[in-house]
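A short write-up of the structure that comes next.
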Amino acid sequence: MKRRPFIKNIIRAATVTAIAPQLSLSQSLASEKNSKKLGIALVGLGTYSTDQLAPALLETKFCYLSAIVTGTKEKEQQWIEKYGIKKENVYTYKNFDRIIDNDEIDIVYVVLPNSMHAEYTIRAAKAGKHVICEKPMATSVSDCKKMITACKKANKKLSIGYRLHFDPFNDNMMRLGQSKFYGNKMTVATEFSFNVSDINHWWRANKKLAGGGALMDLGIYCLQASIYTFGELPLTLWGKDTTKPDSIFNEVEGSIEWEMTFPSGKAYCKTSYESPFKSHLILNTEKGKLELSPSFTYDGIKGTTPDGEMELKNVNQQALQMDTFAQNILQDTSSIVPGEMGLRDNYIIEKIYESAANHSAVVNLNDIPNILDLRIN
């Protein structure tokens with residue numbers, strides 16, 4: 001078989017493999033007239049919940065928006081009318097723990113400022129609910145461990161909002177990279193940045209709420225992409241705070257770059273709140289370049305390989321993410337983006353900050369949490 005048709009077949013097969021379990025399970029469950037749809041409570045009705053998660057829940061097959069938790073009174077009636085939520089399924093942060101008595105809530109999706117992730121994940125688990133926690137999982141490794149322990153103690157599943165594990169383009173980059181299809185020696189170059197000109201009232205610029213700046217918010221995508229492209233854990237890293245001298249960011253970093261060394265090569269990563277929009281994942285191999293550009297957006301992702309374009313379609317990442325977690329619960333299977341993965345990434349983030357604070361000293365990752373999403377296995 002000639003190389004170009006072969007690689008196209010590989011790409012198509014990878015995509016089918018990525019979504020086949022979801023499709024086959026979707027078909028089997030859909031055939032059951034009384035198949036249960038799990039109720040999701042969104043905790044925090046900010047931009048991501050409003051513009052992405054709630055609309056995605058109108059497309060999901062195995063879960064639906066059953067409840068909301070908000071501290072803004074004005075939003076309550078708007079959401080009740082728009083999404084048909086029962087009035088008794090509207091909670092505030094003060095009465096949040098009453099969800100323990102609500103059988104219409106199966107999953108709590110924590111979409112709050114980073115510093116609040118641990119508290120509400122733990123409270124949700126104690127209330128007997130499964131949890132999706134938005135990324136980054138928390139602001140410290142210590143809190144990540146507490147969250148994992150709480151969910152295990154309650155016998156509830158914990159998943160992190162890593163939506164790109166459900167995107168066909170990123171999934172294909174994982175497969176081609178991890179299989180070393182274009183050679184064993186590789187180098188990753190990745191960046192996710194955009195320019196923020198006004199930080200007034202923006203919680204992500206507040207260290208107490210966010211835990212960090214661009215790295216916690218955007219750079220975590222680059223960190224994730226490097227690991228899932230190599231299919232390996234990094235051995236060492238160094239980091240450098242590149243925030244502009246006249247930056248409007250005075251509590252968190254506005255820009256940061258870092259390098260990670262893997263068994264098969266290096267990953268060069270950049271992220272910034274002070275740069276024009278950039279979103280790319282480049283994999284340089286012995287046989288040419290693979291690239292996703294844009295790579296980390298909600299839609300419009302495009303990809304190329306040394307053999308041509310990735311003939312894939314964009315999907316609703318959030319709908320697939322939530323549906324897949326619902327299936328994990330219904331079938332008692334493990335999430336591909338579990339709390340342990342979030343802990344691993346928080347560990348690496350802490351090491352990047354440690355290096356940046358120590359004049360870019362190389363940090364050995366000897367005790368990195370050993371968890372990978374090796375999709376090709």
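For K287, the aspartates and glutamates whose Cα comes closer than 12 Å to its Cα, not counting residues fewer than 8 places off in the same chain, are D307.
For region 35-67, list residues with backbone N below 15 Å from a point placed 7 Å from the Cα of F194 toward its Cβ? Correct set: 47-53. Distances between every pair of Cα atoms in region 71-195, grouped in 5 Å steps from 0 to the bin holding the largest one, split as 2, 9, 15, 15, 15, 13, 12, 8, 5, 3, 2, 0 percent. The aspartates and glutamates whose alpha-carbon is closer than 16 Å to the alpha-carbon of K36, local same-chain residues fewer than 8 away aside, are E59, D103, E104, D106, D323, D332.
Partnerless cysteines in the chain, where a partner means another cysteine C-beta under 4.7 angstrom, comprise C63, C133, C144, C151. Peptides 177-186, 198-207 ranked from most to least packed, by the mean per-residue count of other Cβ atoms within 10 Å: 177-186, 198-207. Near E340, once Lys and Arg are set to +1 and Asp and Glu to -1 for all other residues with Cβ below 13 Å from its Cβ, the sum equals +2.
Estimated purely from DSSP H runs of n ≥ 4, each contributing -39500 (n - 2.57), the mean residue ellipticity at 222 nm for the chain is -10500 deg cm²/dmol once divided by its residues. Taking the centroid of alpha carbons for each part, region 47-69 and region 76-128 are 13 Å apart. Just add up the charged neighbours of V90: K/R +1, D/E -1, any other residue whose Cβ is under 14 Å from the Cβ of V90. Overall, the nearby charge balance is +2.
Expressed as a fraction of 2.2 N^0.38 Å, the value expected for a compact globular protein of N residues, the C-alpha radius of gyration of the chain is 0.98.
Here region 218-377 was treated as a single set of alpha-carbon atoms; its pair distances binned every 5 Å from 0 give 2, 8, 14, 18, 19, 17, 13, 7, 2, 0, 0 percent. For region 313-335 versus region 233-305, the inter-centroid distance based on Cα atoms is 27 Å.
Each of D367 and E251 was given a label point 7 Å from its Cα along the Cα-to-Cβ line. The distance between the two points is 3.0 nm. Average projection, convex hull of the Cα set of region 292-377: 8.7 square nanometres. Checked against a 26 Å cut-off, the cross-linked pairs K152/K313; K135/K351; K94/K129; K270/K351 give Cα-Cα distances beyond that limit for K152/K313.
In plain terms, the chain from E81 to Y347 could stretch by 91.6 nm, reckoned as 0.36 nm per residue minus the Cα-Cα distance.
No value in this document is a laboratory result; all are computed from the given coordinates. Since we're looking at a predicted model, the values are computed, not measured. When we count neighbours, we look across all protein chains shown, and the Cβ atoms used for this are built from the backbone with ideal geometry, even at glycine.
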